[in-house]
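The block underneath contains the structure these notes are about, expressed in structure tokens.
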Amino acid sequence: MSNTETSPDTLTQQIIDRHDRAMSVNYARYPVAMIRGEGSTLVDASGKEYLDLFAGFGASVLGHCHPDLVATVNDQAQKLWHVGNLFHTEPQTRAAEAISRFGFAGRSFFCHSGADANVGALKLARLHGQKNKGNSTGGRYRVISTLGSFHGRTFGAMEATGQPKVYEGFGPLGPGHVHVKFNDLSAVESAIDDETIAVLVEPIQGEGGVNVPDDGYLAGLRELCDKHDLVLIFDEVWTGVGHTGEYFGHQHWNVTPDVMTLAKGVGGGLPVGVTHVSPKFAELYDWRTHGHAVHATTLGGNCLSMAVTATIFEVLDRDQLVPRAKTLGQQITDRLNRFAESNPTIKAVRGKGLYLGVELDPSASGGRFESGGDVVKACMDRGVLINACQGNVLRIAPALTVEEDVLTRGLDIVEDVLKG
């Protein structure tokens, strides 16, 4: 090595040192600097390769640097990036049409993140509550969400989140939010009063531990909302765009919400959020109803991001990646359940499609690990990327394009780590 060359370890440390000088240290980052990705493989600054079975918190739904997305960005970048939302653009229209086609008929508002999308949904619900006050005096505004939920970190989305660690230290919090037990219809019904206007729920809880509800839960929420004139909002930030083996998580139960929020996979790694609203409620955001815009954003729906979103749906459809996710997910579930028969460190395997949670029992590990985070770190050391939430739940959520041999090799390592 010449005097002018930098060793891989030195390069990694240089990147980390520069980061810590220049950036707010919000995250407990691993001492790894990623520099390249292709498909379900990532490469760090030292040249080490990783099998990515978590796909950037589900955002890289088609994997890293998918050729169709690269081509889309290159093509759109030479045409038009951004003009603002006072003009019509074709990429934005294509993206909205795809969401209605593969989801349910409605109108899409484009923003930047899942939190943004959920705030858009909450504001729309309050508009409905002001227009339809019922027996309330000042208008209905209260929103029921669930314990263990995660809806974002902005004001509004933060209060709706049913995890105190998300909102502690940021008080006083805005009024109007109540949390009830997930998968408990009676708890929702008991919480409804004259000021309630909406129910906000994830079809499958994500950060709460990949919790799948009973088959009648979402249908029961639909009935309650219809009975009490409430807006039913499904947070599909994690469960949307094919992850669960359906285009959108609610389709597993044939229940259609009034509002669906999207992010993560719908941008393929670009910052895209969507508030998709059924025709019944779409007029609440129509500027013609109010004489002015009541909800807006500058960069939401920019041409680059929208071209990518539209292409993602085209690729999912063309390559039949959604039914493939269902098939692969069942294979993984069956495999892990077989492993659990002889290894009590696994308590339960749950989820749908390629969005799976593996609940662990550290006490059964013989001291090999104390939490899911220990397993994540051990897997990363051996070149496999997964995630842990709620302390002891491993999350496996690879790109829908993941190669079967990558899945096999990755799961071999996960199981080997659990065996110690």
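Of the residues S145, N211, P175, the one whose Cα sits farthest toward the positive end of the charge dipole of the range 68-318, with +1 on the Cβ of Lys and Arg and -1 on the Cβ of Asp and Glu, is P175. Placing R0 at 51 angstrom, the Cβ-Cβ distance between R29 and K133 gives a FRET efficiency of 0.60 after rounding to 0.05.
Only bridges whose two residues both fall in the chain count here: according to DSSP, what percent of them are antiparallel, nearest 5? Intermediate values should be presented prior to the final figure.
Values: 31 of 48 bridges.
So the antiparallel bridges in the chain amount to around 65 percent.
With K and R counted +1 and D and E -1, the other residues having a Cβ less than 15 Å from that of F248 yield a net charge of -1. In a shell of Cβ-Cβ distance under 15 Å around G220, excluding G220 itself, what net charge do Lys and Arg (+1) and Asp and Glu (-1) give? Here the charged neighbours net out to -3. Remark: the range 68-318 carries a charge dipole of roughly 620 debye about the Cα centre, counting +1 on each Lys and Arg Cβ and -1 on each Asp and Glu Cβ.
Could you tally the net charge around V119, taking each other residue with its Cβ under 15 Å from the Cβ of V119, Lys/Arg +1 and Asp/Glu -1? If you can, show how the numbers build up before the last one.
Details: positive: K123, R126, R153; negative: D116, E159, D235.
Result for the local shell: 0.
Could you tell me what % of all Cα pairs in the chain have separations over 33 Å? Counting every Cα pair in the chain, those more than 33 Å apart make up 36 percent. For the residues A121, A296, A157, a GNM of the chain with alpha-carbon springs under 10 Å puts the largest fluctuation on A296.
When the Gaussian network model of the chain links Cα atoms closer than 10 Å, the mean-square fluctuations of S145, S46, S60 top out at S46. Here the chain is treated with +1 on each Lys and Arg Cβ and -1 on each Asp and Glu Cβ, and its dipole about the Cα centre works out to around 700 debye. Distance from the Cα centroid of the range 104-150 to that of the range 1-72 is 37 Å (rounded to whole angstrom). In this calculation the C-beta distance from L147 to V70 is compared with R0 = 41 Å, giving a FRET efficiency of 0.50. Across all Cα pairs in the range 68-318, the calculated P(r) in 10 Å bins from zero up to the longest distance comes to 8, 32, 36, 19, 5, 0 percent per bin. Centre-to-centre, using Cα atoms only, the range 305-330 and the range 224-267 are separated by 17 Å. Translational diffusion coefficient, Stokes-Einstein: compute it for the range 74-210 using the Kirkwood radius over C-alpha pairs as Rh, at 4 °C and 1.567 mPa s, and state it as an integer in µm² s⁻¹. The estimated diffusion coefficient comes to 76 µm²/s. For N254 and K227, the FRET efficiency from 1/(1 + (r/R0)^6), where r spans their Cβ atoms and R0 equals 22 Å, is about 0.70. Per-residue ellipticity at 222 nm, computed for the chain from helices alone with -39500 (n - 2.57) per DSSP H run of at least four residues, works out to -11500 deg cm²/dmol. Averaging the sequence gap over all C-alpha pairs within less than 8 Å and six or more residues apart, then dividing by the number of residues, gives the chain a relative contact order of 21 percent. The GluC sites (Glu not before Pro) of the range 1-67 that meet both conditions, a loop assignment by DSSP and at most 13 other Cβ atoms within 10 Å of the site Cβ, are E5. Which one of N392, N135, N337 has the biggest mean-square fluctuation once the chain is modelled by GNM with Cα springs under 10 Å? Most flexible of the set in this elastic network: N135.
Read-outs throughout are calculated quantities, based only on the coordinates presented, and are distinct from any laboratory measurement. Keep in mind the model is a prediction, meaning the values are calculated, not measured. A quick note on method: Cβ atoms are made from the backbone with ideal geometry, for glycine too, and the neighbour counts reach across all protein chains shown.
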